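Visitor: Quick one: the structure is below, questions incoming.
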Amino acid sequence: MVVCGDDALALRLAAELHGLYRQRVTLLTPDASLAPEPGPGTPRVLEHETPDRATLRAAGVERADALALMYEDDETNIRGAMAARRLNPRLRLVIRLYNRKLGQYLAELLDQAAQVAGVDRAAAESLTTVLSDADTAAPALAATAAAGTSKIVQADGLLLRAAERPPPRPGESAEPGLCTLALLSSTTTDPAGAEGTDASGAQGPRLLPDDEEVAGAAGRGSLVLETISPSGPTGTPRRISAAALPVGELFSRRVRWSLAGFALAVTALAVAAWITQDAHPLHAAYITLLDLFAINEPAVDASTDRQLLQLLAGLAGLLLLPVMVAAVLEALGSFRSATALRRPPRGLDDHVVLLGLGKVGTRVLARLRELGIPVVCVEDDPDARGIALARSLRVPVVLGDVTQEGVLEAARIHRAHALLALTSSDTTNLEAALCARGLSPRLRVALRLYDDEFATAVYRTLRAAHPDALTRSRSVTSLAAPAFAGAMMGRQILGAIPVERRVLVFAVFDVGELPGFEGRTIQEATRPGTWRVLALDTAAPDDRRPDLSAGHHHDDGTAHTSGLLFDLHPGYVLRHDDRMVLATTRQGLADLLSTRAGR
């Protein structure tokens, strides 16, 4: 397998494929000094500038099973994918693209190119996978900041929601939900405890425990599959267009009240003219407007009532002129500010402060707004990727360096509900978190940190200093790498859910492709701590959709009925044509894929 990339995600993916899935991996990177030192336990590393035909040939793409293009630049990944498809039509391509629509078109084009080259149509349609690390990590990051928002994985038009539950009190038992996905670390309630990792041993989180282990885990919180609900048309990403300018924002309240007062005054004058002069109501209103705008003849020979009404109408017209000028100026200012960034309102509270509007921050912002959560963004680059999205959603943005004094205060951090520090710099995220903690000690904080040891030390220190506040550290690469690795192995990955600093992966398998599963019951096929059968696709093999990772809808926009069955009897015997949704650890996924390959 070949991995091409220029950042931490490419390095992590290469290490995971080599160390976890036991694959022969070649890593192509512009800077070989960033890769680990060569040795028996590391991938082969080649230094290069761009993934052109010559470089891909040198890496052995013509004989490789799969190629991952992981550059941060979409154009570089597209060029490399097209060159690789010409070199090896049967090559499995995994492409990292931020642009969703472009990724869909590119996958169709590359699959069609494989068919033209003679690859079987059914096989060609599964040769190209386009993923985005930002899309993979955004739901988990948004869920970390949002109160009561669970971690979500979408499968066949259904939302699988995982929720953390605190340890049960003495004499009580925690509700298991549909199933218990994990038992949290025994140190999660300890202020000095750290989030569990793969190296935490018995003190760390226990993934996919059996019923006996759950019953005997006193004092531990749990992560359960809580509800399953139809996602409906909202399961597909919607296009976010420019928000319409509210009419109420064109004019201030004082201008609106002044205009309303003038309307009442003109109405009163028209009614008075109608009564005193015995004229038709429309004629009386017409005469009043002429007097108001001073374009009527002076009522020199008219009655006293008529002269008095004309003087009052003229006075109202004089007072109306400055109000009309103020209204026009305010309207022009409102139209100009509609294209500018909004400032945080003075009365804003219980919001999320989002630091960084890069690729990940932009996706998280869209996710938070879809959930209806108020957000204030902080960004030091006025040309950042997410600025346009924030402007279209009318989300307040503070432009400035978060490490400078007064920037977080301008974002109303002291009245915020949570802080999401998602810049690409670990030290910037840490400095912002420490500053925010000083301003609001009970603030929920989630940091984007790459290095596991550094993240553990940060988590332990913040928990010890602020035991009553929630602190989480999240790595985009650790959230995204399992999905990319699964795609490299030809496996459909529905999503990954973080369990402290470990990851639980949701994957789709056919019973017939895994030796030893056919003829076993659900209970016998489940291996506690490694994988668990969550659901079966009850649709006939010919009626199944190839992709379960997104909802599907009728032409009228309503959702199809899902074919997934979650209420599984432990004694159900698996058949050759059954398709399963498995919750598995990364090591369990590697074992399943090795077993599948050995078949």
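The values are calculated or read from the model by the stated rules, or taken from the named source; none is laboratory data. Since this is a predicted model, take the numbers as computed values, not measurements. A quick note on method: Cβ atoms are made from the backbone with ideal geometry, for glycine too, and the neighbour counts reach across all protein chains shown. Side chains are part of the model used for accessible areas, which takes the heavy atoms of the whole protein and leaves out ligands, DNA and RNA. Shrake-Rupley method; radii C 1.70, N 1.55, O 1.52, S 1.80 Å.
Visitor: Yes or no: Glu172 at pLDDT below 70, of a type in the set (D, E, K, R) and either touching a strand residue (DSSP E or B) at 6+ places or on another chain (Cβ under 8 Å) or more than 21 Å from Val224 (Cα to Cα) (or both)?
Guide: no
Visitor: Same structure again: Report yes if some residue within the stretch 87-94 is surrounded by 21 or more Cβ atoms within 10 Å (Cβ to Cβ), modelled with pLDDT under 90, hydrophobic (A, V, I, L, M, F, W, C) and under 18 Å from Val476 (Cβ atoms); otherwise report no.
Guide: No; the residues of the stretch 87-94 include none that is surrounded by 21 or more Cβ atoms within 10 Å (Cβ to Cβ), modelled with pLDDT under 90, hydrophobic (A, V, I, L, M, F, W, C) and under 18 Å from Val476 (Cβ atoms).
Visitor: Let me ask something else about it. Please state which one of Glu47, Glu75, Glu62 is modelled with pLDDT under 90 and open to solvent by 10 Å² or more (accessible area, probe 1.4 Å).
Guide: Glu47
Visitor: With the structure loaded, tell me whether Arg306 is at pLDDT 85 or above and over 21 Å from Glu409 (Cα atoms) or whether it fails that test.
Guide: The answer is no for Arg306.
Visitor: Restricting to the stretch 96-146, count the residues that are part of a helix (DSSP H, G or I), without any contact (Cβ under 8 Å) to a residue 40 or more places away in the chain and among the hydrophobic types (A, V, I, L, M, F, W, C).
Guide: Summing the residues that are part of a helix (DSSP H, G or I), without any contact (Cβ under 8 Å) to a residue 40 or more places away in the chain and among the hydrophobic types (A, V, I, L, M, F, W, C) in the stretch 96-146 gives 12.
Visitor: Also, quick follow-up: If you go through the stretch 545-579 one residue at a time, how many are modelled with pLDDT of 70 or more and either in contact with a Phe, Trp or Tyr (Cβ under 7 Å, 6 or more places away or on another chain) or open to solvent by 50 Å² or more (accessible area, probe 1.4 Å) (or both)?
Guide: So the count comes out to 10.
Visitor: A further question on this structure: Show the residue pairs that are 6+ apart or on different chains and have beta-carbon atoms under 6 Å apart, the first residue being within the stretch 278-301 and part of a helix (DSSP H, G or I), the second being aromatic (Phe, Trp, Tyr).
Guide: Correct list of pairs: Pro281/Trp274; Ala284/Trp274.
Visitor: Right, next: Within the stretch 533-549, is even one residue part of a strand (DSSP E or B) and farther than 26 Å from Val224 by Cβ?
Guide: No.
Visitor: Another question about this same structure. What tally of residues in the stretch 491-506 results from selecting those that are under 20 Å from Arg472 (Cα atoms) and either open to solvent by less than 10 Å² (accessible area, probe 1.4 Å) or among the basic types (Lys, Arg) (or both)?
Guide: Summing the residues that are under 20 Å from Arg472 (Cα atoms) and either open to solvent by less than 10 Å² (accessible area, probe 1.4 Å) or among the basic types (Lys, Arg) (or both) in the stretch 491-506 gives 7.
Visitor: Can you name every residue in the stretch 400-414 that is in contact with a Leu (Cβ under 7 Å, 6 or more places away or on another chain) and in contact (Cβ under 8 Å) with a residue 40 or more places away in the chain?
Guide: Val402, Leu408, Arg412, Ile413
Visitor: Specify the residue that is least open to solvent (accessible area, probe 1.4 Å); the eligible residues are those in the stretch 18-44 that are under 17 Å from Ala487 (Cα atoms) and at pLDDT below 85.
Guide: Tyr21
Visitor: Output the residues belonging to the stretch 76-95 that are under 9 Å from Thr128 (Cβ atoms) and either more than 31 Å from the chain's Cα centre (by Cα) or among the hydrophobic types (A, V, I, L, M, F, W, C) (or both).
Guide: Within the stretch 76-95, Ala81, Leu93, Val94, Ile95 qualify.
Visitor: Could you count how many residues in the stretch 50-82 are polar (S, T, N, Q) and within 11 Å of Leu28 (Cβ to Cβ)?
Guide: Residues flagged as polar (S, T, N, Q) and within 11 Å of Leu28 (Cβ to Cβ) within the stretch 50-82 amount to 2.
Visitor: Go through (1) assigned to a helix (DSSP H, G or I); (2) open to solvent by 50 Å² or more (accessible area, probe 1.4 Å) and name the single condition Gly314 misses.
Guide: Of (1) assigned to a helix (DSSP H, G or I); (2) open to solvent by 50 Å² or more (accessible area, probe 1.4 Å), only one is false for Gly314: (2).
Visitor: Just checking, does the stretch 508-517 include any residue being open to solvent by 20 Å² or more (accessible area, probe 1.4 Å), of a type in the set (D, E, K, R), in contact with a strand residue (DSSP E or B) (Cβ under 7 Å, 6 or more places away or on another chain) and within 28 Å of Pro205 (Cα to Cα)?
Guide: There is no residue in the stretch 508-517 that is open to solvent by 20 Å² or more (accessible area, probe 1.4 Å), of a type in the set (D, E, K, R), in contact with a strand residue (DSSP E or B) (Cβ under 7 Å, 6 or more places away or on another chain) and within 28 Å of Pro205 (Cα to Cα).
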